[in-house]
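These notes are about the structure you will find just below.
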Amino acid sequence: MTEIHIVGTAHVSQKSIDEVREAVDTINPDVIAIELDPGRFAALKQQMKEAKDAADGTAPTPETHESPEIRDLLKGNFTLMLVQWILAYVQRKIGMNVGIEPGAEMKEAIRLAEERGIRLVLIDRDIRITLARFWGGMKILEKIKLVWALMQSIFAADDEDDETAEGIDKVAIDELTNPDIIEMALEEFRKFSPNGAKALIDERDAYLAHGVIDLEKSPYERAVVVVGAGHVPGITKYRETPSTLPPMAELLAKPKHYPWGKIIGGLFVAMFAVIIIAIAFSGATDLLVWAILYWVLLHALFAGGATLLVRGHPFSAAVAAALAWATSLNPFLAAGWFAAIVEAKMRPPTAGDLKAISKAESLGEMFSIPLFRILVVAAVANVGSSLATVCFFVFLTPLLGVDLDMMTQILMTGLSNLWQFLTGWI
C-alpha cells in the first residue's frame with residue numbers, strides 16, 4: 001500500500017510553494033498527484049514554457065489555431081464561459097496583488113516531478129464537467145447572487161491599492177490553509193450557494209478522494225498529493241469511510257436540467273398575447289397602440305442601452321434595440337445572439353484572444369479583447385431584453401395611464417368579447 005502524504009495549499013501563496021518543495025525534498029516520493037485535470041495541466045505547462053522561453057530570450061511560438069467561431073460559442077453556455085473567465089481574472093488579480101501567480105504551487109510540483117523523474121498523476125475532474133454541474137445545479141437566485149458577487153469582486157480587485165495588497169499578503173493568504181479558516185470559508189460558501197458548493201467542493205472532494213484511494217492501492221511506495229487546502233477535510237473523510245464515496249459515474253454525469261428559461265419565456269409570451277388580444281377585443285384601440293409601442297420601446301431601450309453600457313459597437317446596440325421586442329416573443333431566440341454576431345463582424349476576434357483573456361491584468365484590458373466583449377454583449381443584451389419584459393408587466397398600468405381597476409375591466413371586457421367571437425364560430 002502506498003504511503004500517502006497530502007499537502008493542502010492556497011493557490012496564491014508563497015508558503016504553499018515552499019511546503020510543496022519541502023514535502024518532495026523530505027519524503028522523496030516516487031509519484032506526485034496534483035489537483036489538475038488534463039485541460040488545466042496543459043494550460044499550466046504552456047505558461048511554464050512561455051516563461052522559460054521569455055527567460056531564455058526565445059521568440060514566442062506564433063498562434064496556429066483559428067479564430068473562435070462565434071456562432072458555435074453562442075450555441076453553448078456562453079454565460080458559463082464568462083463566469084469561468086471572471087473567476088480566473090479575480091484569482092489572477094489576487095495573485096498579482098500578493099506577487100504570486102495562481103497555480104504556482106502546482107507548477108512547482110510539475111517542475112519538481114519533471115526534474116527528478118517522478119511520475120505525475122492528475123486526479124481532478126474535468127473542469128468543463130465541474131463548471132457545467134456547478135452552473136446547472138444552482139437555482140436562479142443563486143446565479144443572480146453569484147453574478148452580483150463576481151461584479152463586486154472585479155471592481156474590488158481593480159481598486160486594490162498597494163497597502164491593501166500588502167495586508168492580504170501578510171495576513172490573509174497564508175491563513176487560507178488554516179483548518180479553522182477553511183471551515184469558516186466553506187460554511188459561508190454553503191450558505192451563499194448550497195448547490196454551487198456541492199459541485200465545486202463536495203463532488204470534487206469525492207472525485208479527488210477516488211484518485212487518492214486508487215493511488216493508495218497502487219504499487220508505489222510513497223506519494224505526495226498536492227490539493228487545495230479546502231479539499232483536505234473531505235478527502236480525509238472519504239479515506240476513512242470509503243463506503244460513503246459516490247460512484248465515479250455519478251460524479252461524471254452531465255447535469256440534468258429543465259428548460260426553465262424557455263418555459264418562463266413562453267409564459268411571458270402567452271401573457272403578452274392574452275393582454276394584447278384582450279385589449280384589442282375590448283375596443284380600446286388607443287390603449288392597444290400604446291401597449292405595443294411601450295413593448296417595442298422598452299425592449300429597445302433596455303437591450304440597446306445595456307449593449308452600449310458595456311462599450312458594445314453602436315451597430316450591435318442598434319441590432320439589439322431593433323430586434324429585442326421580437327426575440328422576446330420567441331423563447332428560442334435571443335437579442336443578444338444577433339448583437340454578438342454583429343459585434344463579431346465589426347470587431348472580429350483573433351486566434352490570440354483566449355490567451356489574452358487568460359493574461360488580462362485589468363478590467364479595461366479584458367474589455368479591449370474582442371472575444372470577451374462579444375460574449376459580454378450577448379449576455380447583457382439578453383439580460384436587458386428580459387428586464388424589459390418584466391418591467392412591461394410590472395408597469396403596464398401606469399405606462400398606459402390607467403389604474404388597476406380600469407385595466408382589469410378592460411381585460412375582462414376584451415376576454416368576454418373574445419369568447420363570444422370564438423363561440424360564434426362554433
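Modelled spin labels at ASP56 and GLU365, positioned 7 Å past Cα toward Cβ, are 2.5 nm from each other. Packing, as the average of other Cβ atoms within 10 Å across residues, places the peptides 140-152, 273-285 in the order 273-285, 140-152, highest first. Based on the alpha-carbon gyration tensor of the range 322-365 and its eigenvalue square roots a ≥ b ≥ c, which shape applies: rounded if a/c is under 1.5, prolate if not and a/b is larger than b/c, or oblate? Note, shape of the range 322-365 comes out prolate. Going by neighbour counts of Cβ atoms within 10 Å, the residues ARG116, ARG125, ARG347 line up, fewest first, as ARG116, ARG347, ARG125. Ranked by the mean number of other Cβ atoms within 10 Å of their residues, highest first, the peptides 350-358, 333-341 come out as 333-341, 350-358.
Relative to the Cα centre, the charge distribution of the range 260-424, modelled as +1 at Lys and Arg Cβ and -1 at Asp and Glu Cβ, gives a dipole magnitude of about 580 debye.
Amide H contacts for ALA33 (H built 1.01 Å from N in the peptide plane; partners 5 or more residues away or on another chain; cut-off under 5 Å): VAL121, VAL224, VAL225, VAL226. Taking the three principal axes of the alpha carbon atoms in the range 260-424, the coordinate ranges are 65, 29, 24 Å, sorted in descending order. The order of the peptides 214-227, 39-52 by mean Cβ neighbours within 10 Å, most packed first, is 214-227, 39-52.
Since every read-out is calculated from the coordinates, none of them should be taken as a lab result. It should be emphasised that the depicted structure is a prediction, and the values quoted were computed from it without experimental measurement. All Cβ positions, even for glycine, are placed from backbone atoms using ideal geometry, and neighbour counts span all protein chains on display.
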